[in-house]
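Reading through the structure tokens given below for one structure.
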Amino acid sequence: NNNNNNKELNGVPSVIPGWFSEISPMWPGEAHSLKVESILFQGKSDYQDVIVFQSSTYGKVLILDGVIQLTERDECAYQEMITHLPLCSIPNPKKVLVIGGGDGGVLREVSRHSSVEQIDICEIDKMVVDVSKQFFPDVAIGFEDPRVNLHIGDGVAFLKAVPEGTYDAVIVDSSDPIGPAQELFEKPFFGSVAKALRPGGVVCTQAESIWLHMDIIENIVDNCRQIFKGSVNYAWTTVPTYPSGMIGFMLCSTKGPTVDFKHPVNPIDEKEFQKSVRPLKFYNSEIHTAAFCLPSFAKQKIGSK
Ligand code: SAM
């Protein structure tokens, strides 16, 4: 989606020479930029353009189809929140499914939970997994957990084939709804998620920014209210390198044991967490509860049950 007037840096969109600028019709009229030290990888998979570069101030950066997916400096905020918001909200999660998340960061976070016995992941693009293993070892470390089963394929098709009531939690770590992730934001997909969850099971799905995508969010909320018969909530976190500096999550539960997402029943055993990979950098119980507080303009539109 590069505008022809933009200067390019070895094929990387750049408004200021030597900087990567994130230009997309999903956030017209603005473009967050990072200074590029060197380009480490450029490839084209069957699904998307993949770029890795070394930035001056955020470490290595992964770009898919011109959009920042993660940086070494702030990936903790996204991966820890999208994982522990759902998993700390239910007692003893055992079976977890991750859709997308091919960088392995969500797997790294799920693996901190000792109650978990099985972690399935369905990522559409093998190139994302390979690139992450090569350039982001501290993120891709999630793949090393023996409980992880990696499936390369479309998450929509994968979920349709899952027997009813299989998972305690489903985490949808998707890219934006332009490109291969489009269907992951649509009602039939949420229907498959609900079916794949046990009664009182939970889903956490990437749900865009209240500053940029209120229409998309309202649509997701409407769909989720129709499909998930437990609770339906929107939470958010800061991520400096995401458009508008934040990202939201939709957290829903199926009919069954009540899930009160705002008051985590499965708080972190810090000692156990410290044993695995690295200490948590972002998530704690206070920020968990705070994540559900919305600015007035969003509260009015989204409401909360
Ligand atoms: N974990 C990242 C972070 O730290 O911000 C966020 C994005 S993650 C890399 C998004 C992944 O979803 C991509 O690897 C993309 O290939 C994958 N994806 C997109 N559409 C998909 C689909 N239909 N099924 C499975 N995976 C999909």
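Across the chain, C-alpha contacts under 8 Å between residues 6 or more apart give a mean separation that, scaled by the residue count, equals a relative contact order of 16 percent. Among Thr241, Thr205, Thr166, the ranking by other beta carbons within 10 Å of each residue's beta carbon, starting with the fewest, stands as Thr166, Thr241, Thr205. Summing charges over neighbours of Glu164, with a neighbour being any other residue whose Cβ is under 11 Å away from its Cβ, gives +2 when K and R count +1 and D and E count -1.
For the stretch 106-221, the relative contact order comes to 23 percent (Cα pairs under 8 Å, sequence separation of at least 6).
Tally Lys/Arg at +1 and Asp/Glu at -1 over every other residue whose Cβ is under 12 Å from the Cβ of Gly201; what's the total? Could the numbers behind the result be given before it?
Details: positive: Lys94, Lys95, Lys195, Arg198, Lys229, Lys255; negative: Glu164, Asp168.
Within the 12 Å Cβ shell, the charges total +4.
With contacts taken as Cα pairs under 8 Å and at least 6 residues apart, the stretch 181-246 reaches a relative contact order of 32 percent.
Multiplying the residue separation of Lys195 and Lys301 by 0.36 nm and subtracting their alpha-carbon distance yields 35.4 nm. Measuring how big the stretch 135-236 is from its alpha-carbon positions, Rg and Dmax come out at 14.6, 41 Å. According to the calculation over all Cα-Cα pairs in the chain, the P(r) per 10 Å bin from zero is 6, 29, 37, 22, 5, 0 %. Looking at the stretch 178-259, which GluC sites (Glu not before Pro) are in a loop (DSSP not H, G, I, E or B) and have at most 16 other Cβ atoms within 10 Å? Qualifying residues, ordered by number: Glu186.
Applying 1/(1 + (r/R0)^6) with r as the Cβ-Cβ distance of Arg73 and Phe41 and R0 = 25 angstrom yields a FRET efficiency of 0.85.
Peptides 294-301, 51-58 ordered by packing proxy, namely the average of other Cβ atoms within 10 Å per residue, highest first: 51-58, 294-301. A helix-only calculation puts the chain at -7500 deg cm²/dmol for mean residue ellipticity at 222 nm, using -39500 (n - 2.57) for each DSSP H run of at least four residues, averaged over all residues. If the limit is 18 Å between Cα atoms, which of Lys255/Lys301; Lys44/Lys126; Lys160/Lys195; Lys160/Lys187; Lys195/Lys229; Lys187/Lys262 go over it? In this structure, Lys255/Lys301; Lys187/Lys262 exceed 18 Å between Cα atoms. Taken about its Cα centre, the chain carries a charge dipole of about 740 debye when Lys and Arg each add +1 at the Cβ and Asp and Glu each add -1 at the Cβ. Residues His151, His84, His213, His113 in ascending order of nearby Cβ atoms (within 10 Å, fewest first): His151, His213, His113, His84.
Bear in mind these aren't lab numbers, they're just calculated from the coordinates by the rules spelled out. Since the model is a prediction, treat every value here as computed from it, not as a measurement. As a convention, Cβ positions derive from the backbone with ideal geometry for all residues, glycine included, and neighbour counts pool all protein chains shown.
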